[in-house]
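Asks: Sharing a structure below in structure tokens format, with a few things to ask.
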Amino acid sequence: MAVFLLCTAKAGVPSTDAAPVTAWLTQADDAWPDDAFRFRHILAQLHQHEDQLSAAQRWHLRLLDTRLPVDEGDYVKAEAALYDIIDHSGDESLSIRAMAALIRDKFFSRDYVSAYALANTLMAELPKVADPQAHLEGMNQVIQMLNQEAVGQYDLALDYAQQMKTSLTSSRGQCYADVLETQSLLYAGKVISTDPAFQVATSICLTAGAHRQANALRLDLASEMIDEGHADQAIALLHSIAPEIQGIGYTPHVASLLVTLAQAYLRLGDAPKARKFAQDSIAITGPDSSLWTVQAAYEVLYKAEKKEGHDTAALNYYEKYGAQKTAAMDNARAIALAYQTVRQQVLSEKMKAEALGKENKILQLSQALANQAQKSSQLFNALLLAVIAFFVLAMLWLWRSWRRFRWMARHDGLTRAYNREHFFVEAGRTLRHLHKARVDACLIVLDLDHFKRINDTHGHAAGDQVLRSAAAIIGRELRPTDLLGRLGGEEFGILISGCSCDQGLEVANRIRNALATTPVTLDSQVTVMVSASLGLACATSSGYMLRLLLIDADAALYRAKEGGRNQVVVDSRAEVPSVVPSDDRQLPLDA
């Protein structure tokens with residue numbers, strides 16, 4: 001998940017003699033937030049000479065004052081001052097900067113609808129302002145919001161970042177533009193860790209003194225290295241930047257550094273080190289923090305304890321991980337819903353404006369044609385019919401758009417299966433009905449084997465094609481009443497109603513066999529074979545709570561992958577054989 005970045009740059013410490021207050025204001029902008037001590041020192045100097053400030057400079061100072069409550073988490077206090085600057089300062093540049101800060105505060109306080117609505121307003125006002133600092137802060141906040149995983153507007157974010165690269169020529173502007181461009185490409189899966197864009201953007205930011213931006217990008221780079229199977233390289237990178245990150249002391253980056261080290265050591269099989277760094281990360285933020293690092297740390301702790309055979313500790317950490325994961329999914333769903341809500345409001349207002357414009361033109365024409373009633377009767381009727389047709393078409397378009405947005409909110413756009421959030425909602429509702437009716441149910445968690453090797457060998461486009469084909473193959477083995485959802489990456493969830501453990505095992509084996517025996521022909525005319533590992537849990541043994549079924553199915557899946565993949569493993573408490581091996585060897589990737 002991307003961390004929200006704030007505009008920074010290094011500059012010299014202000015002189016304590018009679019330095020102009022205008023220079024102090026500029027230096028305060030440059031100091032925050034990389035050098036908090038220096039920023040507070042300059043702010044104290046400005047307040048000591050507040051009687052020398054003009055009205056415009058006092059508004060500027062008030063904007064700087066809002067940085068301190070935000071650092072302390074007091075978003076309400078900061079918001080009141082920011083609204084005052086927007087409404088009463090009379091300075092377009094300061095208003096844009098205050099709006100950018102307000103968007104950030106709304107997002108941090110989880111008022112997502114207001115944040116995206118303000119972002120839409122900011123993008124409409126930004127072209128009117130020539131100040132590069134306002135452009136930098138405004139575009140930075142908007143791009144960060146578009147790059148949220150729940151929104152996924154990476155192409156639009158990339159377009160804005162490239163516009164920044166062209167319009168902002170300062171070293172700091174180039175730093176932000178390069179970092180945002182590289183992050184947009186990374187989140188969209190269009191660059192790998194060896195891409196020179198990482199080194200270029202990092203060097204520009206370090207030269208400009210924008211250390212937080214450089215660190216954020218290097219942390220992203222380390223995560224990408226782990227995903228690509230280069231955990232040892234990630235560890236070397238993280239240890240090299242650790243002194244700088246810990247020296248700055250920015251809590252989200254320190255926590256991210258520790259949990260990424262934990263993930264890397266776990267990937268290398270060093271459970272003790274993975275556990276230590278994960279625990280250190282939680283200690284930095286506290287267990288109740290909303291930062292993504294807490295969920296990631298509990299996941300590492302669960303897997304580390306599981307790897308060492310500490311089942312009780314593993315279950316305890318899994319429950320905490322599950323709670324964090326549920327909260328994160330709820331938060332992601334709220335972000336996605338806010339973005340779609342604001343987007344729909346914008347489309348609706350645009351349609352209303354166009355309709356009002358057309359209606360106004362019709363009224364003007366009617367008044368002009370009133371003097372020529374005899375000649376204009378046919379034209380008037382034609383115009384009236386056109387208006388009616390326009391409104392009918394507009395309502396039809398809005399209805400179809402609503403249906404399309406509802407479908408997008410419930411389904412995964414790549415595989416057309418239910419997305420994670422909607423699958424959990426529908427599965428939970430189905431299980432409650434089945435429990436009342438005393439009807440059996442089974443939950444299957446399926447993970448494609450060696451999927452990363454396909455991405456590395458044939459590219460992400462081929463991986464997407466394999467995911468689409470896998471979802472189609474799975475769907476053919478299911479009934480219309482069964483639920484299929486993409487839980488993330490190459491992992492799928494399947495809820496089968498009215499199904500005993502024996503029947504669930506039969507379905508799981510059919511799915512496994514269908515995947516393993518169905519070749520997938522890529523656009524490059526290369527044929528690949530894929531297999532899957534499946535974990536099965538039954539309501540008769542695990543209960544009808546989705547959370548418990550997921551825990552047991554996920555544990556069974558873990559055993560299937562540990563046992564050699566391409567097999568079905570049943571929850572150990574179910575009254576069927578717990579491990580059902582494949583009837584053939586692991587198929588190669590290339591036919």
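Asks: What are the residues in the stretch 241-256 that are within 18 Å of Ala274 (Cα to Cα) and of a type in the set (S, T, N, Q), if any?
Replies: Correct list: Ser256 only.
Asks: For the stretch 528-547, check the following and say yes or no: at least one residue is free of Cβ contacts under 8 Å to residues at least 12 places away in the same chain, farther than 24 Å from Lys320 by Cβ and either among the charged types (D, E, K, R) or surrounded by fewer than 22 Cβ atoms within 10 Å (Cβ to Cβ) (or both).
Replies: In the first step, residues of the stretch 528-547 are kept if they are free of Cβ contacts under 8 Å to residues at least 12 places away in the same chain; the result is 543.
In the following step, the residues that additionally are farther than 24 Å from Lys320 by Cβ were identified as none.
Checked against the condition, which is being free of Cβ contacts under 8 Å to residues at least 12 places away in the same chain, farther than 24 Å from Lys320 by Cβ and either among the charged types (D, E, K, R) or surrounded by fewer than 22 Cβ atoms within 10 Å (Cβ to Cβ) (or both), the stretch 528-547 yields no hits at all.
Asks: A follow-up question, please. Of everything in the stretch 285-314 that's at negative phi and in a loop (DSSP other than H, G, I, E, B), which residue is surrounded by the fewest Cβ atoms within 10 Å (Cβ to Cβ)? Step through it out loud before you land on a result.
Replies: Step one: list which residues in the stretch 285-314 are at negative phi, which gives 285, 287-308, 310-314.
Subset that is in a loop (DSSP other than H, G, I, E, B): 287-291, 308, 310.
Values: Pro287: 11, Asp288: 8, Ser289: 17, Ser290: 13, Leu291: 20, Glu308: 13, His310: 15.
Selected residue: Asp288.
Asks: Please verify whether Tyr317 is free of Cβ contacts under 8 Å to residues at least 24 places away in the same chain and buried (at least 21 other Cβ atoms within 10 Å of the Cβ), treating the condition exactly as stated. Steps first, please.
Replies: On the way: free of Cβ contacts under 8 Å to residues at least 24 places away in the same chain: yes; buried (at least 21 other Cβ atoms within 10 Å of the Cβ): yes.
When the stated conditions are applied, Tyr317 passes them.
Asks: For residues that are touching a residue at least 60 places away in the same chain (Cβ under 8 Å) and surrounded by fewer than 19 Cβ atoms within 10 Å (Cβ to Cβ), tally how many sit in the stretch 212-248.
Replies: 4
Asks: Only one residue in Ala508, Ala514 is more than 32 Å from the chain's Cα centre (by Cα) and at pLDDT 95 or above. Which one?
Replies: It is Ala514.
Asks: Quick check, is His458 modelled with pLDDT under 95 and surrounded by fewer than 21 Cβ atoms within 10 Å (Cβ to Cβ)?
Replies: Details: modelled with pLDDT under 95: yes; surrounded by fewer than 21 Cβ atoms within 10 Å (Cβ to Cβ): yes.
The answer is yes for His458.
Asks: A further question follows. Can you tell me which residue within the stretch 86-143, out of those that are of a type in the set (A, V, I, L, M) and not in a helix (DSSP H, G or I), is surrounded by the most Cβ atoms within 10 Å (Cβ to Cβ)?
Replies: For the stretch 86-143, the residue satisfying everything is Val129.
Every residue, every condition in (1) free of Cβ contacts under 8 Å to residues at least 24 places away in the same chain; (2) crowded, with 16+ Cβ neighbours inside 10 Å, yes or no:
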| residue | (1), (2) |
| --- | --- |
| Gln162 | yes, no |
| Arg172 | no, yes |
| Glu181 | yes, yes |
| Ser193 | no, yes |
| Pro196 | yes, no |
| Ser203 | yes, no |
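Asks: Within the stretch 7-30, how many residues are at pLDDT 75 or above and under 22 Å from Leu206 (Cα atoms)?
Replies: Total meeting the criteria: 5.
The values are calculated or read from the model by the stated rules, or taken from the named source; none is laboratory data. Remember, it's a predicted structure, so these values are computed and weren't measured experimentally. No Cβ is skipped: glycine too gets one built from the backbone with ideal geometry, and neighbour counts run over all protein chains shown.
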